[in-house]
Each structure stands twice: as C-alpha cells, then as structure tokens.
Amino acid sequence: MKREMLINAALMAGLLVVPLWAWAVDEPFTITLATRVAILALAAVGLNIALGIGGLVSLGHAAFFGIGGYAMGILASHAQTYDPIMQWPLLVEGTKVMPVIWIVAVLAAALAALVIGALSLRTSGVYFIMITLAFGQMLYFFAISWPAYGGEDGLSIYVRNDFPLLNTLDPIQFFAICFALLALALWFSARLAASPFGLALNAARQTPQRVEAVGLSPFRLRLAAFVLSGAITGLAGALFADLNRFVSPVMFSWQTSGEIIVFIILGGVGRLYGPVAGAALFITLEHFLGEVSDYWHIFLGLLLLAVVLFARGGVIGTLAGRKVAHD
Amino acid sequence: MTEPVLATHGLTKRFGAVTACEGVSLDLRPGEIHAVIGPNGAGKSTLIGQICGGIAPDNGTVSFLGRDVTGLSTAARARMGMGRTFQISALAMEDTVLQNAVLGAVGARGGAFSLFRRALADSDLRQRATAALERVGLADHAATRTAELSHGQRRQLEVAVALTLAPRAFVMDEPMAGMGSEGSKRMTAFLDELRAEAPILLVEHDMDAVFALADRLSVLVYGRVIASGTVEEIRADARVRAAYLGESA
C-alpha cells in the first residue's frame with residue numbers, strides 16, 4: 001500500500017512537473033500533450049469506477065465522452081453566434097463559461113448513463129459489452145447525421161471558453177484547470193472506493209449472490225456506479241472539446257471507447273491511479289512512436305498483449321505489487 | 001402451538017420434464033432447528049432457492065413472518081430478516097475478512113448509498129462486523145484476505161456475515177460441508193446455541209450434526225417430503241431407511 005501511494009504521488013508530480021518545465025522553456029506543445037494526458041486520464045477515471053470497482057466492461061463510454069464534447073460545442077457555438085438555443089417556453093442561450101458548460105455536460109452524460117445503464121445492466125458479460133457498444137454507435141451515427149451541429153464535419157469553436165479570473169488561452173492555465181479537475185475526480189473516486197457504496201459495489205463484482213443475501217440490490221449499485229462513471233467521463237469530454245476547440249462525431253466512435261479501456265488496462269484495472277499511468281504511457285508512446293512510424297499502433301498492440309499476458313496489474317500493478325486490501 | 005416464522009405451502013418447481021420440487025410444505029417455528037436431509041439430487045438446492053428467492057416456484061407460496069413473500073426479491077427477503085449461508089462460500093475473496101463482515105453490516109443498515117464516509121472507519125458498521133466475527137471465532141483474522149482463509153474458516157465467515165444481519169430466521173445450506181471433524185463439532189455447538197436467537201432451517205449432509213441438532217427433520221426424496229418428524233420418528237421410519245439411510249427395511 002505504502003509503495004503504491006508513493007508511485008501515485010510520483011505520477012501526479014510528474015504530470016505536474018513536465019508541463020511546468022515546458023512552460024519555463026516555452027514549449028507549448030508539450031503542455032498540450034500533458035493536458036491531453038490529464039483529460040484522457042479523467043475520462044478513464046470515470047470508466048474505472050464502473051470497470052475497475054464494479055467489473056462492468058463498458059465499450060460505450062465514448063457516448064458520455066461525446067455527450068460532454070457536444071454539450072460544450074452546442075453551448076459555445078450558440079454563444080459565438082448570439083443565437084439562442086431555444087426561445088420557447090423559456091429563453092435558453094449559449095454560454096462560454098466553463099463551469100456552466102461542465103455542469104450541463106455532467107448532467108447530460110449522467111442522464112444518458114441512467115438510461116443506457118438501466119437497459120444494458122439487465123445483461124452481463126459479452127452481452128453487456130455489445131449493448132453498450134451499440135448505444136455508443138447509435139450516438140455516433142446520430143451525431144454524423146445531425147446537420148445543425150456540423151454533422152460529419154464536426155463543429156469548431158473559435159476561442160476557448162472562459163473560466164473566471166483565468167486566461168484559458170494560456171496553455172499552462174488551461175492545463176492547471178484540467179489537472180485540478182483530475183485531482184478532484186481521483187479524490188472523489190478514492191473516497192467512493194472506501195465508502196460503504198464502494199465496498200458493496202466491489203463485492204457485487206465478486207459475488208452478487210452474497211450482496212443480494214445481505215439485502216442489497218446489485219443492479220442498483222451498478223446503475224449508480226454507471227451514472228457516476230458516465231458523468232465523470234462526460235466532464236472529460238467537455239474539456240477535451242475545449243482543448244481542441246473542436247467537436248466531431250469521432251468522440252462518439254467505438255475507437256474512443258476502446259482507447260479509454262486501453263488506458264485502464266495499461267495502467268492497471270481497479271487501481272485508483274491506473275488511468276493516469278495508462279493515459280500518460282499511451283500519449284507518450286503516441287508521441288514518440290508516432291514520429292518513428294505511422295503504424296505505431298502495432299507497437300501499442302504488442303505492449304497491450306504483453307500487459308495482458310504477463311503483467312495483469314498494468315503499470316501500477318507491476319511497480320507496486322499485488323493490490324493490498326486496505327484497512 | 002406458536003406461529004411458524006417461515007413456512008412453505010405446496011412448493012412445486014419443474015425444470016422441463018424434471019420435477020425438482022413437488023408440493024413441499026414445511027415450516028420453521030421459533031427456537032427450533034428444522035433439518036432438511038435427502039440424497040443428492042433430491043431438490044434441496046431448488047427448495048432453498050425458492051425459499052430465499054432467485055427461483056420462482058411454479059406453484060405454492062413461501063411465507064415469512066406472517067407475510068407472503070413469494071413475489072419478493074432475494075434482497076427484499078434478506079431485508080425482512082432472512083439470513084442465508086451458501087453451500088459453496090459466496091464471499092468477496094479479494095477483500096479482507098472484516099470487509100466481508102462489514103458488507104453484511106452495510107446491508108443490515110438498509111442501504112449502501114453513502115458515498116463519502118469510509119466504511120471501515122464507521123464505528124457502527126465496524127462494531128457490528130467485529131462482534132459477528134468474534135462470535136464465530138474469526139476476530140483474529142479480521143485483516144486476512146478471504147482467499148487466504150482455510151475452507152473451514154470460510155464456512156465460519158459465511159455464518160458471521162449472516163449474523164451481522166441479526167436475522168429473524170437462518171437458512172443454512174450445508175454449513176458443515178467440507179469441514180474437518182473438529183470444525184464440524186465446533187460449528188455444531190455454535191448452531192446449538194444460535195437457535196435460541198433465531199430458528200434455523202438447516203440443509204445438511206453431515207448426519208452426526210443433523211441428529212445432534214435437529215428438533216425436527218424432513219426427508220426430501222425426488223423433490224417430495226417423504227417423512228417429517230422428530231429425530232426418533234425419522235430414525236424409526238421404514239420408508240426413510242429404505243430411501244435414504246441405506247438400510248433394507
């Protein structure tokens with residue numbers, strides 16, 4: 001346990017030091033890379049609640065990532081054209097204020113997760129994977145065929161949204177926002193894992209009959225976890241869209257869902273900081289191997305194979321050893 | 001006669017052409033141990049599944065504390081006070097012994113939707129869990145991973161988790177299964193005292209334990225109760241001897 005905490009602290013310190021160094025030597029691209037890591041890690045922290053603690057392999061988390069992205073895109077595009085989203089029965093205008101966008105993104109993703117979860121959690125195993133995949137793809141094709149917001153071409157936002165008192169156009173300040181939200185989500189998910197809810201959810205993954213026999217409903221536990229999970233991934237989607245100042249249906253694609261799962265597997269399933277390690281490793285590989293070859297995914301595939309075959313605990317598991325039940 | 005705590009009325013369940021349970025009526029009264037015995041394939045597991053929920057009977061009803069619970073979920077029956085132990089230990093193997101017991105305490109409190117308080121720092125949950133572990137003699141192993149427990153200790157933990165619920169009736173599926181003779185004796189002594197707290201419906205293969213503990217016995221063969229009565233009555237019953245005890249009458 002001690003060792004895992006040290007590794008977690010080192011990871012977060014590294015994620016903080018690299019962009020600060022880049023800022024000092026004026027390398028904005030490196031700051032952007034670090035921001036990507038923070039945002040993608042946040043998306044995976046969301047999924048890790050469902051997958052790591054609850055054992056729910058969702059291949060549809062791109063749905064929530066995309067919903068978060070489009071929440072930002074829709075609100076900001078209306079704000080930049082001064083065209084209200086709706087006028088009747090009440091006037092709803094767009095906004096460029098990040099916290100408002102985040103709240104909308106989180107609520108929209110949570111609502112979608114409630115509906116998708118309520119239907120998919122009636123199944124398990126491969127069927128669950130397929131149904132979540134199907135929901136993700138439904139939203140993907142919906143986004144493609146929705147011309148109002150760019151359809152297949154996506155939607156560009158000219159200027160990054162605002163955060164009170166900060167200049168979000170400054171890469172290091174935007175990084176700070178993303179990093180703070182990641183830290184908050186990690187804190188929340190640590191509390192969650194140690195709470196009675198986390199205990200019961202974790203038990204429902206291992207032995208659902210027992211959970212029922214003590215009077216709890218595994219379905220409700222999983223549904224609540226799925227909603228929290230989707231909400232966090234939705235927040236990451238809004239940030240991701242803001243980083244790129246661009247939203248497109250690709251955010252909804254199954255490849256996106258797959259990548260979020262890959263972060264978790266690389267980092268270590270069920271490890272609190274696994275998503276951070278996984279996303280950092282993924283982006284680093286993408287950056288360095290991507291320079292060497294356009295086919296860098298081949299190497300990623302080999303690495304994934306190695307992790308699944310030889311290092312089930314991922315990066316964190318390999319470095320910290322077996323997961324210790326904490327007291 | 002006192003009202004039964006738990007009763008089944010003409011439970012019938014068919015799986016295709018196989019009748020796993022046919023018109024089974026039995027009851028459990030306060031303060032007693034009612035043992036259900038029967039050869040393999042007699043339908044004991046199907047019976048337990050119908051009593052605890054999870055298997056819906058084709059016919060017949062289950063009543064618990066004077067209420068018809070046939071349509072209720074397993075979780076709802078547990079919340080009413082049905083404490084179940086499993087034949088094959090259903091425990092969270094990755095978690096510690098204490099965490100498993102705390103899970104029971106969380107259930108006993110009626111819900112797990114507190115997201116922020118640390119479960120193991122909650123003195124109420126912890127006390128309840130520790131008290132149950134002490135009663136079965138596992139207090140020293142509270143911090144042990146459940147996967148590292150011996151088979152017998154897992155059986156004890158099964159009982160401890162049920163105890164945290166402070167149930168109104170126990171339904172125990174072979175609590176002695178796979179235990180050594182020493183463990184089996186200790187468990188027998190423990191259950192002997194436990195019946196004063198809540199009656200026990202005991203499905204068990206260990207005949208020494210059954211004959212030592214049971215106030216009443218029901219014998220299940222091919223899904224039917226072929227005899228029901230006190231230990232003496234069952235021992236004397238010719239049909240039982242032929243069908244089950246393996247003696248020619």
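Computed values, structure above
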read-out	value
Matching residues in the range A:196-232 - criterion: being within 21 Å of B:Leu125 (Cβ to Cβ) and hydroxyl-bearing (Ser, Thr, Tyr)	A:Thr207, A:Ser217
Leading residue by the ranking (farthest from B:Val161 (Cα to Cα)) among those in the range B:125-142 that are within 14 Å of another protein chain (Cβ to nearest Cβ) and of a type outside the set (A, V, I, L, M, F, W, C)	B:His141
Number of the condition not met by B:Ala162 [criteria: (1) within 12 Å of chain A (Cβ to nearest Cβ); (2) closer than 30 Å to A:Ala185 by Cα]	(2)
Of the criteria (1) farther than 19 Å from B:Gly43 by Cα; (2) at pLDDT 90 or above; (3) not polar (S, T, N, Q), which one B:Glu232 fails	(2)
Residues that are aliphatic (A, V, I, L, M) and closer than 11 Å to A:Ser58 by Cβ, drawn from the range A:250-263	A:Ile260, A:Ile261
Boolean, B:Arg67 is within 30 Å of B:Val231 (Cα to Cα), at pLDDT below 95 and touching a Phe, Trp or Tyr at 6+ places or on another chain (Cβ under 8 Å)	no
Which listed residue is more than 21 Å from the chain's Cα centre (by Cα), hydrophobic (A, V, I, L, M, F, W, C) and modelled with pLDDT under 95, from A:Leu90, A:Leu119, A:Leu155	A:Leu90
Residues satisfying the stated conditions in the range B:69-89, i.e. within 15 Å of B:Leu201 (Cβ to Cβ), of a type in the set (S, T, N, Q) and not in a strand (DSSP E or B)	B:Gln87
Only one of A:Val324, A:Val262 that is out of contact with any Lys or Arg (no Cβ under 7 Å at 6 or more places or on another chain), farther than 24 Å from A:Ala71 by Cα and at pLDDT below 90	A:Val324
Set B:Ala105, B:Ala112, B:Ala92, B:Ala101: member being facing chain A (nearest Cβ under 7 Å), of a type outside the set (Ser, Thr, Tyr), buried (at least 21 other Cβ atoms within 10 Å of the Cβ) and in contact (Cβ under 8 Å) with a residue 40 or more places away in the chain	B:Ala92
Tally, over the range B:235-249, of residues that are surrounded by fewer than 16 Cβ atoms within 10 Å (Cβ to Cβ), outside any helix (DSSP H, G or I) and either modelled with pLDDT of 70 or more or of a type in the set (Lys, Arg) (or both)	0
Close pairs from the range B:31-60: first without any contact (Cβ under 8 Å) to a residue 60 or more places away in the chain, partner small (Gly, Ala, Ser) and surrounded by 18 or more Cβ atoms within 10 Å (Cβ to Cβ), Cβ under 7 Å, at least 6 apart	B:Ile55/B:Gly49
Qualifying residue in the range A:146-156 (condition: more than 14 Å from chain B (Cβ to nearest Cβ), among the aliphatic types (A, V, I, L, M) and more than 30 Å from B:Gly53 (Cβ to Cβ))	yes
Flag if B:Ile51 is on the phi < 0 side of the Ramachandran plot, assigned to a loop (DSSP other than H, G, I, E, B) and in contact with a Ser or Thr (Cβ under 8 Å, 6 or more places away or on another chain)	no
Residues located in the range B:1-26, provided they are touching a His at 6+ places or on another chain (Cβ under 8 Å) and surrounded by 20 or more Cβ atoms within 10 Å (Cβ to Cβ)	B:Leu26
The range A:156-170 residues that are farther than 11 Å from A:Asn244 by Cα, paired with ones that are modelled with pLDDT under 90 and loosely packed, with under 13 Cβ neighbours inside 10 Å (beta carbon under 6 Å, 6 or more apart)	none
Test result for A:Phe288, surrounded by fewer than 19 Cβ atoms within 10 Å (Cβ to Cβ) and either within 14 Å of chain B (Cβ to nearest Cβ) or among the small types (Gly, Ala, Ser) (or both)	no
Candidate set: the range B:45-57, residues that are modelled with pLDDT of 90 or more and within 15 Å of the chain's Cα centre (by Cα); chosen: the one farthest from B:Asp208 (Cα to Cα)	B:Gly53
Hits in the range A:138-150 (condition: more than 23 Å from the chain's Cα centre (by Cα) and surrounded by 11 or more Cβ atoms within 10 Å (Cβ to Cβ))	A:Trp146, A:Gly150
Any hit, the range B:76-88, residues being touching a residue at least 40 places away in the same chain (Cβ under 8 Å), farther than 19 Å from B:Pro4 by Cα, of a type outside the set (A, V, I, L, M, F, W, C) and within 14 Å of chain A (Cβ to nearest Cβ)	yes
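The values are calculated or read from the model by the stated rules, or taken from the named source; none is laboratory data. Only a predicted model underlies this, so the values are computations on that prediction, with no experimental measurement involved. Methodologically, a virtual Cβ is constructed for each residue, glycine included, from the backbone with ideal geometry; neighbour enumeration extends over all protein chains shown.
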